[in-house]
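The values are calculated or read from the model by the stated rules, or taken from the named source; none is laboratory data. The structure displayed is predicted, hence computed values, not measured ones. All Cβ positions, even for glycine, are placed from backbone atoms using ideal geometry, and neighbour counts span all protein chains on display. To get the accessible areas, we keep the full protein, side chains included, count just its heavy atoms, and leave off ligands, DNA and RNA. Shrake-Rupley method; radii C 1.70, N 1.55, O 1.52, S 1.80 Å.
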Amino acid sequence: MTRQEQPLDLAPPLCWPAAVPECGVCQALARQREEAARRGDYSRVSDCNVEIRNHHAPRRRAT
């Protein structure tokens, strides 16, 4: 007997990082994330989330 595959529920989670409204880079990444989610490309969605989260993060200096 074979196991029937169940579709995954990959609806946008509430924990997606918010794009800064005044930042063009954040807004472009948010649009790319939405397009990727519509295509089912959740790897790209994850990449966009990481980029949005890190875009305004303080950067460490090399010592």
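Summary table
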item: Residues within the stretch 46-63 that are open to solvent by less than 90 Å² (accessible area, probe 1.4 Å) and without any contact (Cβ under 8 Å) to a residue 24 or more places away in the chain, tallied; result: 7
item: Candidate set from the stretch 15-33 (those that are assigned to a helix (DSSP H, G or I) and surrounded by 13 or more Cβ atoms within 10 Å (Cβ to Cβ)); member that is nearest to the chain's Cα centre (by Cα); result: Arg33
